[in-house]
Amino acid sequence: EPTNHLDLESIQAFNENVAEFPGVVLLSSHDHTFMQTVANRVIELTPSGIIDKLMTFDEYLNDERIHLQREEMYGVGV
């Protein structure tokens, strides 16, 4: 976890810098707020292929079409 041992001020500065970084950052995190703050593209690897969407993390999680696509790609209710 990139923000696991940081204080609140350091977390905010880190999130802002990652969000403003002009290049590509590939990350995995359990920190929902971090993902929502910095992610503008979500790529999910599934057993049946990938789901690649240009949207925020919350938009990805709340999109009904993506939910149905995930169920289909995993072969079970997600």
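For region 5-50, residues that are surrounded by 10 or more Cβ atoms within 10 Å (Cβ to Cβ) and over 29 Å from Val76 (Cα atoms) total 15.
If you filter region 1-59 down to residues that are touching a strand residue (DSSP E or B) at 6+ places or on another chain (Cβ under 9 Å) and assigned to a helix (DSSP H, G or I), you find that the one that is modelled with the lowest pLDDT is Met35. The condition (being touching a Ser or Thr at 6+ places or on another chain (Cβ under 8 Å) and not charged (D, E, K, R)) is satisfied by just one residue among Ile11, Ile43, Ile51: Ile11.
The values are calculated or read from the model by the stated rules, or taken from the named source; none is laboratory data. This one's a predicted model, so the numbers in the text were calculated from it and none came from an experiment. Positions of Cβ are backbone-derived with ideal geometry, glycine not excepted, and every protein chain shown enters the neighbour counts.
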